[in-house]
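Asker: This is the structure I want to talk about, given as structure tokens.
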There are 2 protein chains.
Amino acid sequence: MTSRLLPLAAMEKILKKAGASRVSDKAKAALKEVIEEKANELALQAVKFSLHAGRKTIKANDIKLASKE
Amino acid sequence: MTSRLLPLAAMEKILKKAGASRVSDKAKAALKEVIEEKANELALQAVKFSLHAGRKTIKANDIKLASKE
């Protein structure tokens, strides 16, 4: 999946902050993909939880609950 | 932590794609925080793995291995 949601430059910054001297382009793309997948999973859970609570608006608590699964 | 690495607009798009009708501002911020934390954890692991392999460059395989932990 190649979306444009998360910037590759941000992936590089995160890796450099973690102590990386150099980061390959494929590593940036890989981190982006893993993170987007995780975000999608969390989002699906959060939507379920909001519907379960009888809401159409996703709130921070839905995200927090989803992140604990 | 309030970094500017991941755009809040992207968090909203991910949640809408997952089926959300509406998304509170705090929910966007919460998703961003959870995702950045996950990204930081993965990055730290990936850096460890690259050093273990005697490299100074982070490669996609380091990220993939970290994501399987």
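Values in this text are rule-based calculations from the coordinates and carry no lab data. Quick caveat: nothing in here was measured; it's all calculated off a predicted structure. Using ideal geometry, Cβ is built from the backbone for each residue, glycine included, and neighbour counts are taken over all protein chains shown.
Asker: If a residue has to be in contact with a strand residue (DSSP E or B) (Cβ under 7 Å, 6 or more places away or on another chain) and either in a loop (DSSP other than H, G, I, E, B) or among the hydrophobic types (A, V, I, L, M, F, W, C) (or both) to count, how many in the stretch A:27-69 make the cut?
Answerer: 5
Asker: Now, a different point. Within the stretch B:1-55, restricting attention to residues that are surrounded by fewer than 19 Cβ atoms within 10 Å (Cβ to Cβ) and of a type in the set (S, T, N, Q), which residue is farthest from the other protein chains (Cβ to nearest Cβ)?
Answerer: B:2
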